[in-house]
Amino acid sequence: MNLEEYRGVWVFIEQQEGQIIDVGLELLGAGRDLADKLEVDLCGVLLGHNVKDSAKELFAYGADKVYVIDDPVLEKYRTETHMTAVGDLVRKYKPEIFIYGATSNGKDLASAVATEVMTGLTADTTLLDVNVEKRLFEASRPAFGGNIMATILCKKHRPQMATVRPKVMPKPEPDHTRKGEIIEEKISIKEEDLRTKVLEIVRDMNKAVNLEDADVIVAAGKGIKDEKGFAMVKELADVLNATVGASRDLVEAGLCGHDHQVGQTGLTVTPKIYFAIGISGAVQHVVGMQNSEMIIAINNDPEAAIFNAAHYGIVADAFEIVPMLTEEFRKA
Ligand code: FAD
């Protein structure tokens, strides 16, 4: 493999029913930085049916070029179709770096493409950089239970690929004056060649919470002890019109479902305000909430690690302070 032939930073732009989802835009922001350092183009890859108009939107978020394959066969995500389309593009245009959102489809596609074009993949990364001199992509992710950050390099194969957690990179402010180039390509397979068909998409209506889009999260940990404590936290959340989050230990204690879990094995969240009530601040929890705009921690242990991550700390018994806060916010 001649590594010199590979140039450009690519971002897979995921869409659902024609709507571009935020993680692709977040990655254009991160990709712009990598492309500027390497002095190459930043390119989006958009697949689907009737998606061409959405491609223009991507220039505002930093793309110089967008490769579009618009075909009915790509209307719904299927590993087979998307892997073939992306694999063909990679073989033809040879990108140096290729990043995908670590969503269900992004993770599935990235691993399939890695196999298809025989390269490596770093999964679930939270930090991206590049060694310009060596032209090496430095994709980092928490490892060993979140105790260290591992930077994984792909030295001998191209493209250098990674999936990146949604909400970790900030979405850039759009600049609608930016212009770029749309490159239309075709997919090499037809519906009748495919082994899979999407008959129906059934949405999970049981998903109790949407933590990732919440502006205010009131999160509880083992310090709130039992159902009575959890009800107290829920009351504060109700008054603030907030969503309830939780540490893993609280989920494991059976006080709420995994949908509420924030952290390494839960969700990454970036609300405007994050209340951490009775949460010790283990690194595996903090990685999921440390980019919140304002973190307010309540803990009765002044040495608790959560205070290192917090902008405001209240050293107090949650059972005294939380009802007081609820009453004050109710009056406001
Ligand atoms: P504790 O650590 O028990 O802390 C309870 C806190 O409450 C203490 O700080 C205590 O001082 C305080 N407290 C007690 N009583 C009161 C009171 N009356 N008023 C105020 N404060 C009080 N954890 C996650 O959260 N998310 C993850 O995604 C996650 N993933 C993990 C992945 C791996 C591979 C591993 C090994 C661990 C993971 N963990 C995760 C677990 C993590 O290491 C911690 O065990 C967990 O976050 C601790 O939860 P906690 O803070 O609720 O409980």
Handout entry: Checklist (1) surrounded by fewer than 10 Cβ atoms within 10 Å (Cβ to Cβ); (2) within 16 Å of the ligand (Cβ to nearest atom) applied to L199, failing item
Key = (2)
Practice task
Could you list all residues from the range 283-297 that are part of a loop (DSSP other than H, G, I, E, B), in contact (Cβ under 8 Å) with a residue 60 or more places away in the chain and surrounded by fewer than 20 Cβ atoms within 10 Å (Cβ to Cβ)?
Solution key: N291
Problem - Sole exception among (1) in contact (Cβ under 8 Å) with a residue 40 or more places away in the chain; (2) more than 9 Å from the ligand (Cβ to nearest atom); (3) part of a helix (DSSP H, G or I) for M324, by number - result: (1)
Practice task
Have a look at G31, G44 and point out the one that is crowded, with 18+ Cβ neighbours inside 10 Å and without any contact (Cβ under 8 Å) to a residue 40 or more places away in the chain.
Solution key: G44
Handout entry: Residue check for S280: near the ligand (Cβ under 9 Å from one of its atoms) and crowded, with 24+ Cβ neighbours inside 10 Å
Key = no
Problem - The listed residue being more than 19 Å from the chain's Cα centre (by Cα), without any contact (Cβ under 8 Å) to a residue 24 or more places away in the chain and closer than 29 Å to A30 by Cα, out of I148, I183 - result: I148
Exercise for the section: Could you grab me the full set of residues in the range 17-53 that are among the β-branched types (V, I, T) and outside any strand (DSSP E or B)? Expected result: I21, V23, V40, V51
Exercise for the section: Sort through R178, R91, R141 and tell me the only one that's among the basic types (K, R) and touching a residue at least 40 places away in the same chain (Cβ under 8 Å). Expected result: R178
Fill in the blank from the handout: Within the range 268-306, residues polar (S, T, N, Q) and more than 18 Å from A316 (Cβ to Cβ) come out as T268, T270, Q284, Q290, N291, S292
Problem - Residue ID - surrounded by the most Cβ atoms within 10 Å (Cβ to Cβ), chosen from residues in the range 242-270 that are at pLDDT 95 or above, outside any strand (DSSP E or B) and within 6 Å of the ligand (Cβ to nearest atom) - result: S247
Exercise for the section: Would you mind finding the one in E75, E96 that is among the acidic types (D, E) and touching a Pro at 6+ places or on another chain (Cβ under 7 Å)? Expected result: E96
Practice task
Kindly indicate whether any position in the range 181-194 is crowded, with 17+ Cβ neighbours inside 10 Å, touching a strand residue (DSSP E or B) at 6+ places or on another chain (Cβ under 7 Å) and under 28 Å from E57 (Cβ atoms).
Solution key: yes
Problem - Candidate set: the range 103-132, residues that are in a loop (DSSP other than H, G, I, E, B) and at pLDDT below 95; chosen: the one farthest from T84 (Cα to Cα) - result: T126
Practice task
State yes or no: is D41 over 20 Å from the mean Cα position of the chain (by Cα) and farther than 20 Å from L194 by Cα?
Solution key: yes
Practice task
Hey, can you tell me all the residues within the range 64-82 that are touching a helix residue (DSSP H, G or I) at 6+ places or on another chain (Cβ under 8 Å), crowded, with 18+ Cβ neighbours inside 10 Å and either farther than 21 Å from E17 by Cβ or of a type in the set (V, I, T) (or both)?
Solution key: D64, V66, V68, I69, V73, T81
Exercise for the section: Within the range 298-312, work out how many residues are within 9 Å of the ligand (Cβ to nearest atom) and either crowded, with 20+ Cβ neighbours inside 10 Å or in a strand (DSSP E or B) (or both). Expected result: 4
Practice task
May I ask you to list the residues in the range 211-241 that are under 18 Å from E320 (Cβ atoms), outside any helix (DSSP H, G or I) and either out of contact with any His (no Cβ under 8 Å at 6 or more places or on another chain) or hydrophobic (A, V, I, L, M, F, W, C) (or both)?
Solution key: V218, A220, K225, D226
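The values are calculated or read from the model by the stated rules, or taken from the named source; none is laboratory data. Here the structure is a predicted model, which means the values were calculated and not measured. For neighbour counting, all protein chains shown are included, and Cβ atoms are generated from backbone atoms with ideal geometry for every residue, glycine included.
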